[in-house]
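Enquirer: One structure, pasted below without further comment.
The values are calculated or read from the model by the stated rules, or taken from the named source; none is laboratory data. Remember, it's a predicted structure, so these values are computed and weren't measured experimentally. Neighbour counts run over all protein chains shown; Cβ positions are idealised from the backbone, glycine included.
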Amino acid sequence: MNNKLSGWNDTIVALATAPGLAAIAVIRLSGPQAFSIAGKLFPSKNLLNQASHTLHVGLLKNAEEAIDEVVLALYRGPKSYTGEDTVEINCHGSLYVQQQIINACVQQGARLARAGEFTQRAFINGKLDLTQAEAVADLIAANTRASQKTALHNIRGGFSQQLAAMREQLIQFAALIELELDFATEDVEFADRTKFYALINALQEKTAQLIHSFQLGNVIKNGVTVAIIGKPNAGKSTLLNRLLNEDRAIVSEIAGTTRDTIEETLNIQGILFRLIDTAGIRNHSTDTIENIGIERSREKMKSADLVLYIFDGSVETPENLQQQVKEFELLDIKYLLVSNKADLGIKDYGIDGVLSISAKQDEGIVRLTKRLYDSVVQQGDHADTGIVTNARHLEALVAIARSLKDIGNGLDRQISGDLLAADIRQSLYYLGEITGEVTNEDKLDYIFSKFCIGK
């Protein structure tokens, strides 16, 4: 890894805890001058003589003016998060105190850290690979059990280990083929083509699994948008209130009560569902405001990950329902059909998968939440398996799949070793792009710019 950050030898400083008033705050210094800069502000001890991984209590001063009583945590590189000398200043959470300490550090020679620069330095110093570094940001942003477990799995190298194994196997065969080129005039074959076929097939299968996992990974990371669609008085708002277990939407027997969309979130077994209660859809309305709401409902229906189509089971006809299903399929919309008011009777609509509930009587709601979960999660414990949650990784994996296919085709055509080696190097390149063995400073700056400042 030859990339070097601009200002690589600078000592950087930033608030590491969330901005705002709090009981305590942590300010992080990292770089070659971290100990000396902190020492100039901490006259109680000579920090340069103190051992790594120790805590020190005392007054922090700027010149002769006391700023705060603090606890300093010292970490000598490379045994620190960044791999550099690092000092974490634990101070009281006053916004004024935080800013005074950061200003004092800057006056002594530090500069303000860029977004994600601490983690970027950890990557540059070999403490993390790029997938682990990106998982740090995912863990910070995690808002469900599933997203937290998946990010933690990747931080611990779960995804990286799979990629490393693929890379190592390809490198071994590439080395054997390169060796063959050195003995081209002797017509020898060091790389067993039969074993190479088996390896390429296995790698193609693994790559396909990872690509396929992105659908679930995207759900884990970003949640699922669910549009609750139906005719007026079908029970959409009642269902939303029942799912949330609170009176979030106004419920009325008057058609067209819901004029605009209402959005709420529901956590089902660690997956975040963003529920959108929409205005009832009907073909004719003289109310201008209601018509605007109906148009917004149609827009939400087309953009949602899943449509929950709820209808009044006591009055809906099989013909109308079948027509609605045709519309969903024509628009390539993923949907669930929910027959409401089951307490008034259950009909057979001749369509598979219709779920009968009574939102008013709280019947079938548990079955519905399970159906929602099953519609997006079609495998077991995903936290400890290879799940792709990053669009950048997906793009590289698709490129890897193409390269592996080229290798397989080359083996079929019995192409020369030099051409085969070139195809293998292409696969290795894309694998390296994911983990960071192959990258450039501009790409790194873009990736880490999405981190928070103090991380």
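Enquirer: Among the residues of region 135-154, count how many are of a type in the set (Asp, Glu) and either closer than 16 Å to THR17 by Cα or free of Cβ contacts under 8 Å to residues at least 24 places away in the same chain (or both). Spell out the reasoning first.
Expert: Looking only at region 135-154, we keep the residues that are of a type in the set (Asp, Glu), and these are 138.
Among the residues that remain, those that are also either closer than 16 Å to THR17 by Cα or free of Cβ contacts under 8 Å to residues at least 24 places away in the same chain (or both) are: none.
Residues meeting the conditions: 0.
Residue-wise test of (1) modelled with pLDDT of 85 or more; (2) among the aliphatic types (A, V, I, L, M).
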site: LEU330; (1), (2): yes, yes
site: ILE333; (1), (2): yes, yes
site: TYR349; (1), (2): no, no
site: ARG367; (1), (2): yes, no
site: LEU394; (1), (2): yes, yes
site: LEU404; (1), (2): yes, yes
site: ASN409; (1), (2): yes, no
site: ALA421; (1), (2): no, yes
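Enquirer: In the list LEU21, LEU48, LEU5, which residue meets the criterion of being part of a helix (DSSP H, G or I) and modelled with pLDDT under 95?
Expert: On the way: LEU21 fails: part of a helix (DSSP H, G or I); LEU5 fails: part of a helix (DSSP H, G or I).
Of LEU21, LEU48, LEU5, the one residue that is part of a helix (DSSP H, G or I) and modelled with pLDDT under 95 is LEU48.
Enquirer: Listed residues ALA165, ALA141; which is at pLDDT below 85, over 19 Å from GLY7 (Cβ atoms) and surrounded by fewer than 23 Cβ atoms within 10 Å (Cβ to Cβ)? It would help to see each step written out before you state the result.
Expert: Working: ALA165 fails: at pLDDT below 85.
After ruling out the rest, the residue left standing is ALA141.
Enquirer: Taking ALA110 as the residue in question, decide whether it is over 19 Å from ALA391 (Cβ atoms), crowded, with 20+ Cβ neighbours inside 10 Å and touching a Ser or Thr at 6+ places or on another chain (Cβ under 9 Å). Spell out how you get there, then give the answer.
Expert: Numbers: over 19 Å from ALA391 (Cβ atoms): yes; crowded, with 20+ Cβ neighbours inside 10 Å: yes; touching a Ser or Thr at 6+ places or on another chain (Cβ under 9 Å): yes.
So ALA110 fits the description; yes.
Enquirer: Which of the residues spanning region 398-444 are assigned to a loop (DSSP other than H, G, I, E, B) and of a type in the set (Asp, Glu)?
Expert: Scanning region 398-444 gives a single hit, GLU437.
Enquirer: Moving on to the next point. Does PRO32 satisfy the criteria of being under 29 Å from the mean Cα position of the chain (by Cα) and either of a type outside the set (Phe, Trp, Tyr) or crowded, with 22+ Cβ neighbours inside 10 Å (or both)?
Expert: Numbers: under 29 Å from the mean Cα position of the chain (by Cα): no; either of a type outside the set (Phe, Trp, Tyr) or crowded, with 22+ Cβ neighbours inside 10 Å (or both): yes.
When the stated conditions are applied, PRO32 does not pass them.
Enquirer: Same structure again: Need the failing condition index for ALA18 against (1) loosely packed, with under 13 Cβ neighbours inside 10 Å; (2) more than 30 Å from ILE434 (Cα to Cα), just the number.
Expert: (2)
Enquirer: OK, next. Among the residues of region 410-436, write down those that are within 17 Å of THR194 (Cβ to Cβ) and without any contact (Cβ under 8 Å) to a residue 24 or more places away in the chain. Quick ask: steps written out before the conclusion?
Expert: Restricting attention to region 410-436, the residues satisfying the condition of being within 17 Å of THR194 (Cβ to Cβ) are 410-415, 417, 420, 424.
GLY410, ASP412, ARG413, GLN414, ILE415 - these are the residues of region 410-436 that are within 17 Å of THR194 (Cβ to Cβ) and without any contact (Cβ under 8 Å) to a residue 24 or more places away in the chain.
Enquirer: Next question. Mind listing whichever residues of region 291-325 are touching a Ser or Thr at 6+ places or on another chain (Cβ under 9 Å) and at pLDDT below 55?
Expert: ASN291, GLY293, ILE294, listed by residue number.
Enquirer: Kindly provide the set of residues from region 200-219 that are among the aliphatic types (A, V, I, L, M) and closer than 30 Å to GLU327 by Cβ, ordered by number. It would help to see each step written out before you state the result.
Expert: Of the residues in region 200-219, the ones among the aliphatic types (A, V, I, L, M) are 200, 202-203, 208, 210-211, 216, 219.
Passing the criteria: LEU216, VAL219.
Enquirer: Looking only at residues that are free of Cβ contacts under 8 Å to residues at least 12 places away in the same chain and closer than 13 Å to SER339 by Cα in region 309-319, which one is surrounded by the fewest Cβ atoms within 10 Å (Cβ to Cβ)?
Expert: First pass over region 309-319, keeping only residues free of Cβ contacts under 8 Å to residues at least 12 places away in the same chain: 315, 317, 319.
So of that shortlist, the ones also closer than 13 Å to SER339 by Cα come out as 315, 317.
Values: VAL315: 13, THR317: 11.
Top of the filtered list is THR317.
Enquirer: Could I ask something else about it? In contact (Cβ under 8 Å) with a residue 24 or more places away in the chain, in contact with a Leu (Cβ under 9 Å, 6 or more places away or on another chain) and of a type in the set (S, T, N, Q), is that true of ASN125? Reasoning before the result, please.
Expert: Values: in contact (Cβ under 8 Å) with a residue 24 or more places away in the chain: yes; in contact with a Leu (Cβ under 9 Å, 6 or more places away or on another chain): no; of a type in the set (S, T, N, Q): yes.
In short, no.
Enquirer: Name the residue that is nearest to ILE268 (Cα to Cα), counting only residues in region 130-174 that are in a helix (DSSP H, G or I) and β-branched (Val, Ile, Thr).
Expert: The initial filter retains those residues of region 130-174 that are in a helix (DSSP H, G or I), namely 130-141, 145-155, 158-174.
Among the residues that remain, those that are also β-branched (Val, Ile, Thr) are: 131, 136, 140, 150, 155, 171.
On the way: THR131: 27, VAL136: 24, ILE140: 20, THR150: 16, ILE155: 24, ILE171: 43 Å.
Only one residue fits best here, namely THR150.
Enquirer: Another question about this same structure. Only one residue in ARG259, ARG242, ARG248, ARG274 is closer than 24 Å to ASN222 by Cα and either assigned to a loop (DSSP other than H, G, I, E, B) or modelled with pLDDT under 80 (or both). Which one?
Expert: On the way: ARG259 fails: closer than 24 Å to ASN222 by Cα; ARG242 fails: either assigned to a loop (DSSP other than H, G, I, E, B) or modelled with pLDDT under 80 (or both); ARG274 fails: either assigned to a loop (DSSP other than H, G, I, E, B) or modelled with pLDDT under 80 (or both).
Only one candidate qualifies: ARG248.
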